[in-house]
1. Given the criteria under 28 Å from B:L113 (Cβ atoms) and in contact (Cβ under 8 Å) with a residue 40 or more places away in the chain, does B:L124 qualify?
2. May I ask you to list the residues in region B:61-76 that are within 16 Å of B:H35 (Cβ to Cβ) and either in contact with a strand residue (DSSP E or B) (Cβ under 9 Å, 6 or more places away or on another chain) or of a type in the set (S, T, Y) (or both)?
3. Go through region A:160-188 and give me each residue that's assigned to a helix (DSSP H, G or I) and in contact with a helix residue (DSSP H, G or I) (Cβ under 6 Å, 6 or more places away or on another chain).
4. Taking the stated definitions as given, is A:I142 among the hydrophobic types (A, V, I, L, M, F, W, C), at pLDDT 90 or above and surrounded by 14 or more Cβ atoms within 10 Å (Cβ to Cβ)?
5. Can you confirm whether B:A176 is in contact with an Asp or Glu (Cβ under 7 Å, 6 or more places away or on another chain), touching a residue at least 24 places away in the same chain (Cβ under 8 Å), of a type in the set (A, V, I, L, M, F, W, C) and outside the structural domain of B:F219 (by TED's automatic domain parsing)?
6. Assuming B:L198 fulfils every condition listed in (1) touching a residue at least 60 places away in the same chain (Cβ under 8 Å); (2) assigned to a helix (DSSP H, G or I); (3) not small (G, A, S) apart from one, which condition is it?
7. Test B:G100 against the stated conditions and say whether it is part of a helix (DSSP H, G or I), in contact with a Phe, Trp or Tyr (Cβ under 7 Å, 6 or more places away or on another chain) and touching a residue at least 12 places away in the same chain (Cβ under 8 Å).
8. Output the residues belonging to region B:212-225 that are within 14 Å of chain A (Cβ to nearest Cβ) and without any contact (Cβ under 8 Å) to a residue 60 or more places away in the chain.
Amino acid sequence: MPASASPEIDRLIGLLAKLPGMGPRSARRAALALLKRREQLMQPLAEALSAAAEKVKPCSTCGALDTRDPCAICADPTRDRTLICVVEEVGALWAMERGGAYRGLYHVLGGLLSALDGMGPDQLRIGELTARARQGEAREAILALPATVDGQTTAHYLAERLAPSGVQVTSLARGVPVGGELDWLDDGTIAQALRARRPA
Amino acid sequence: MEWSDDAYVLSARAYGETGAIVELLTETRGRFAAHVAGAASRRMKPFLQPGARVVAQYRARTSANLGSAQLEPVGEGPAALFDDPLALTGLAAAAAVAAGALPEREPHPGAFLAFEALSSAFALPDVWPAVYVRFEAGLLDELGFGLDLARCAATGGTEDLVYVSPRTGRAVSRAAGEAYRDKLLKLPPFLLGAQGGLGEGDVGRGLELTGHFLALNVFGPLNRPLPPARVWLIERLAAAGRL
């Protein structure tokens with residue numbers, strides 16, 4: 001059943017409803033908000049969407065999304081080029097950047113090896129990673145992959161593939177999160193934290 | 001419909017933004033799928049992994065519906081294997097084979113016990129590949145396609161059983177099978193009993209044996225290949241010189 005009298009508005013609502021976090025009801029509210037604030041919100045949003053659709057592309061080096069190729073991170077001369085942080089998706093790269101604790105380069109795999117989903121090594125950007133490790137200035141590859149069965153299977157596979165390049169392969173620590181209380185942690189996390197304990 | 005049961009998670013696929021459809025291998029009800037609300041939460045993600053042991057509380061309006069389940073983790077789960085790439089691959093293969101082979105909502109307590117035994121064995125690197133073969137042999141048994149290794153299909157003798165007929169799954173003695181040795185499958189001694197011992201190449205022969213009958217009797221009739229996870233396991237065991 002159409003949500004409004006106009007097919008254009010229905011199409012807008014239909015498209016908005018496909019976004020993460022949105023359903024038909026919230027899409028209707030968003031469409032209404034946009035239509036009410038046409039000059040301040042709708043036009044700039046349409047222009048931003050158009051510009052992003054036209055200009056944003058994956059970086060041919062690391063796979064991050066940017067309007068430039070190589071991307072701003074790969075082109076930044078102040079970055080530590082001896083470090084490559086390997087992440088599953090661009091969202092993980094953004095999470096690392098938010099923290100500001102890391103100043104090296106990245107490599108976006110584009111997924112994880114998954115036997116269940118039939119995701120094999122050829123479908124990921126693993127060849128590009130090994131080429132970067134062989135040819136570039138990289139000295140260390142940091143595997144920042146999820147602590148899941150697929151994530152760790154991928155990490156072990158990458159460690160094997162990167163070994164001939166001579167690059168040191170490390171992975172992120174697993175254990176108690178900052179602000180985490182033991183009472184609320186699952187058994188697996190507590191056991192991992194206990195195994196990875198260090199002198200206080 | 002409402003029940004509570006011990007279970008292993010076989011797979012979890014995202015459903016919507018926060019939920020998941022989780023396949024469980026339950027102790028008394030076999031393979032069961034359920035919707036798990038809040039599966040993307042930080043609390044639940046650690047144990048919605050293949051091989052995680054949980055207590056499941058299932059509820060559905062009617063038995064035909066896909067119900068919802070609340071899961072409570074038991075023990076450390078697959079995180080214990082994160083540092084062991086081979087065991088991790090073995091766990092993924094076992095979950096994929098169980099998920100693909102077992103019919104849904106059909107009680108197979110033996111499959112649950114076999115999965116439980118295999119999960120415990122992953123802590124023993126030298127032993128678990130043989131236990132994995134026994135797990136697959138146990139699955140075949142549960143599904144009604146068990147190997148008949150008690151006596152020779154040709155002579156009825158119980159000594160020197162070294163082959164298996166690829167058609168019937170029955171053991172064949174060395175003397176009776178010698179003329180057909182190229183056509184028969186090799187029977188690793190550890191499948192005959194705990195005292196059989198584990199020799200070089202036995203795990204590979206065992207995987208060839210169970211793989212043949214899984215393909216012939218279980219996955220073939222469903223027009224499906226053996227799970228890629230199992231193929232990966234064999235590749236990795238071969239690369240590690242463990243077959």
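1. no
2. Listed by number, the residues that qualify are B:T62, B:S63, B:L66, B:G67, B:S68, B:A69, B:Q70, B:L71.
3. Selection gives A:R161, A:L162, A:S165, A:G188.
4. yes
5. When the stated conditions are applied, B:A176 does not pass them.
6. Answer for B:L198: the failing condition is (2).
7. So B:G100 fits the description; yes.
8. B:P225
The values are calculated or read from the model by the stated rules, or taken from the named source; none is laboratory data. Note that the structure is a prediction, hence the values are computed from the model and not measured. Methodologically, a virtual Cβ is constructed for each residue, glycine included, from the backbone with ideal geometry; neighbour enumeration extends over all protein chains shown.
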